[in-house]
1. Where the second residue is basic (Lys, Arg) and open to solvent by less than 10 Å² (accessible area, probe 1.4 Å) and the first is more than 15 Å from ARG551 (Cα to Cα) and lies in region 302-319, which pairs have Cβ atoms under 6 Å and are six or more apart or on separate chains?
2. Provide a single number: the residues in region 105-122 that are modelled with pLDDT of 95 or more and assigned to a loop (DSSP other than H, G, I, E, B).
3. Starting from residues that are without any contact (Cβ under 8 Å) to a residue 24 or more places away in the chain and crowded, with 19+ Cβ neighbours inside 10 Å, keep the ones in region 599-641 and report whichever is nearest to ALA165 (Cα to Cα).
4. List the number of the failed condition for ALA270; all other conditions in (1) outside any helix (DSSP H, G or I); (2) among the small types (Gly, Ala, Ser); (3) at pLDDT 95 or above hold.
5. From the list ALA270, ALA288, ALA284, exactly one residue is open to solvent by 10 Å² or more (accessible area, probe 1.4 Å), touching a residue at least 60 places away in the same chain (Cβ under 8 Å), more than 30 Å from ARG426 (Cβ to Cβ) and out of contact with any Gly (no Cβ under 6 Å at 6 or more places or on another chain). Which is it?
6. Give me a count of the residues in region 86-109 that are without any contact (Cβ under 8 Å) to a residue 60 or more places away in the chain, open to solvent by 20 Å² or more (accessible area, probe 1.4 Å) and of a type outside the set (Lys, Arg).
7. Output the residues belonging to region 177-208 that are of a type in the set (S, T, N, Q) and open to solvent by 10 Å² or more (accessible area, probe 1.4 Å).
8. Quick one: which residue in LEU428, LEU444, LEU451, LEU412 is over 23 Å from ASP341 (Cα atoms), of a type in the set (A, V, I, L, M, F, W, C), modelled with pLDDT of 95 or more and within 33 Å of the chain's Cα centre (by Cα)?
Amino acid sequence: MKNLYIAEKPSVARQFADVLGVKGNAGAGYLESEDSVVTWCVGHLITMSYPDAYDEKLRKWDLATIPFIPTEFKYEVIPDVSKQFKIVAGLLNRDDVGCIYVCTDSGREGEYIYRLVDQMAKVGNKEKRRVWIDSQTEEEILRGIREAKPLSEYDSLSDAAYLRAKEDYLMGINFSRALSLKYSYVIRNYLKLDKCVIAVGRVMTCVLGIIVKREREIREFVKTPFYRVVGTVNVAGQTFEAEWKAVKDTPYFNSPLLYKENGFKQKKDAEDLVKKLSANGMEATLVASEKKKEKKAPPMLYNLAELQNDCSSLFKISPSDTLKIVQELYEKKLVTYPRTDARVLSTAVAKEIYKNISGLKRYTPMAAYADEVLNMGSYKTIAKTKYVNDKQITDHYAIIPTGQGMGALRGLSEIAANVYEIICRRFLSIFYPATEYQKLSMTLAKQDEFLFANFKYMLKEGYLKVATNRFARKKDDTKYSPEFIETIGHLKKGDILSLDKFEIKEGETSPPKRYNSGTLILTMENAGQFIEDEELREQIKGAGIGTSATRDGIITKLVNNKYIALNKKTQIVTPTFLGEIIYDVVYYSINGLLRADLTASWEKGLCGVADGSITKEEYTDKMNTFVIKYTNLVKGISNQNQITTVSVSYTHLRAHETGRNL
């Protein structure tokens, strides 16, 4: 009997075939040897059927036919890949195939891809085993095959995968139809569009809400000027600045004249303070001076969200582009599995981590650092640090270099090579000591007021030696030299210091920044920040909006729907006019879709199904109840014609910005 290995895509199948020694022409849709067959999907081969597959009457969008909740869901082969499905189905059911090794991506979506194929192909009671790997190196593939568990052990993960798809399907079908039937005519006429289908989704609409809310915060923000008072202190001919602050038991403490403790609302009040401070001589007394050392540890390792954020900032590429690149690096054996939420290593990997480090000695930009780490021996105790934690890993550990596949580096694009470099730098940095800084804080008294000065310089470079890359914008921290800071650090309490002048520095408050594609990904990952209820925030800790595998796709979908605009040069994300109107439509109908806490709680529930703490029946009941309730609520809306009045102020603003009548 032969073993059948089924991968998610042809390139991964080829890696398995190479390791297993299975050769041949892939043109037949599979490769075969005396004891093994290797085949592949091409991503999804099966999809959920549209409502008209259940009943032809459902082809027409009609309020009378929703809510639509099938008792049993239907699936069908995707026409474009039907040829490969027939090949795979035939192989799965071949009499001489004894054991099926499922080698699709090790995660919820990979599980779903195979289970749908298995279901549609009606595979009998063959032995099925799940290969779960973290990289595509030969050792890892062989380990995954050797340690493959019965597929049944992943049934809960499969349940979660099916439920995620059903949930997106039910919300998409019912809510999009309900809202389109109620509102599309009004929006179409208002915006002079040929057609308008209102597309909503469990995750997509929530993300739209985050973007629109931020844009409206910026639009409604009123800049407030403030005025700081700064004194120039002279020590042996060299000067530094000390800033006035209102502290407890001083005249201006909690004064309504202040914007903050260090700034006045009105310039005149700042001028009055300058007059006061300038009277009775230009001297101040040093009343406190504190020196202390500060250590900054290396950052945690990359997960996909952190990598996408850094790539957006450093290289101005979208999360989708980052995922494509790191997927390419993974398939070329250069890095570990990319779709991960973890930022730590597993205990098992930590024991063998010297192999990854040693391999980087063959990568010229990192060779010297890898050699230094091996000589320091810090990798031997890495398991005792915060960078190794099995409890923080669900499917996969962090993205790190494998130390292998160096031959593939020559074929990488410049941007892919840059992404590989920052992954390597982040990885090696955890084996270096913390960066150490010297800090000095000084408090000066002038009459009954106080001035404050703070200084900082680097003592020991530590991990920054390897972590600092050529892509980041260099920060200039050289305002004061270490020698000067050391000099003033020797001043003693009670010393009288000379003041050259006092001046007023004007500033103004800034609106919140727009999201770029990277910060939006991080915001989706850390959805708990939007939840005011502390108990609820703790309940959904670790659950974000979407998953590492889907977040980039959500942003792409919003762009394709013309609900948001993504600037390719800056990666800044803004809502379109249509996107704002869709937001208002949802806000006044199914506003739960805009709530980060609700969206994150759905994701938390799916994780609960995957780990067995929530039954699929419980989740299904909750899901169906939600869909039925809000579909019926939208059907009952009768004031849909008023929705355009909500966006009137925005219309006027946009018309002013573009110089045309919207």
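1. Matching pairs, first to second residue: none at all.
2. Filtering region 105-122 down to residues modelled with pLDDT of 95 or more leaves 111-122.
Imposing the further condition that a residue be assigned to a loop (DSSP other than H, G, I, E, B) reduces the set to 122.
Total meeting the criteria: 1.
3. Start the filter on region 599-641 by keeping residues that are without any contact (Cβ under 8 Å) to a residue 24 or more places away in the chain, which leaves 605, 608, 613-615, 617-618, 621-622, 625, 629, 636, 638-639.
Keeping just the survivors that are crowded, with 19+ Cβ neighbours inside 10 Å gives 605, 614.
Values: GLY605: 14, ILE614: 17 Å.
This residue is GLY605.
4. Going through (1) outside any helix (DSSP H, G or I); (2) among the small types (Gly, Ala, Ser); (3) at pLDDT 95 or above one by one, ALA270 breaks only (1).
5. Details: ALA270 fails: open to solvent by 10 Å² or more (accessible area, probe 1.4 Å); ALA284 fails: open to solvent by 10 Å² or more (accessible area, probe 1.4 Å).
Testing whether each residue is open to solvent by 10 Å² or more (accessible area, probe 1.4 Å), touching a residue at least 60 places away in the same chain (Cβ under 8 Å), more than 30 Å from ARG426 (Cβ to Cβ) and out of contact with any Gly (no Cβ under 6 Å at 6 or more places or on another chain) leaves just ALA288.
6. Start the filter on region 86-109 by keeping residues that are without any contact (Cβ under 8 Å) to a residue 60 or more places away in the chain, which leaves 86-87, 89-90, 93, 95.
With the extra rule that they be open to solvent by 20 Å² or more (accessible area, probe 1.4 Å), the set shrinks to 86-87, 90, 93, 95.
Subsequent filtering for residues that are of a type outside the set (Lys, Arg) retains 87, 90, 93, 95.
Residues flagged as without any contact (Cβ under 8 Å) to a residue 60 or more places away in the chain, open to solvent by 20 Å² or more (accessible area, probe 1.4 Å) and of a type outside the set (Lys, Arg) within region 86-109 amount to 4.
7. Of region 177-208, the ones of a type in the set (S, T, N, Q) are 180, 184, 189, 205.
Selection gives SER184, ASN189.
8. Details: LEU428 fails: over 23 Å from ASP341 (Cα atoms); LEU444 fails: within 33 Å of the chain's Cα centre (by Cα); LEU451 fails: within 33 Å of the chain's Cα centre (by Cα).
The unique qualifying residue is LEU412.
The values are calculated or read from the model by the stated rules, or taken from the named source; none is laboratory data. None of these values were measured; they are calculated from a predicted model. Note that each Cβ is placed from the backbone with ideal geometry, even for glycine, and that neighbours are counted across all protein chains shown. Just the protein is used for accessible areas: all its heavy atoms, side chains included, with ligands, DNA and RNA removed. Shrake-Rupley method; radii C 1.70, N 1.55, O 1.52, S 1.80 Å.
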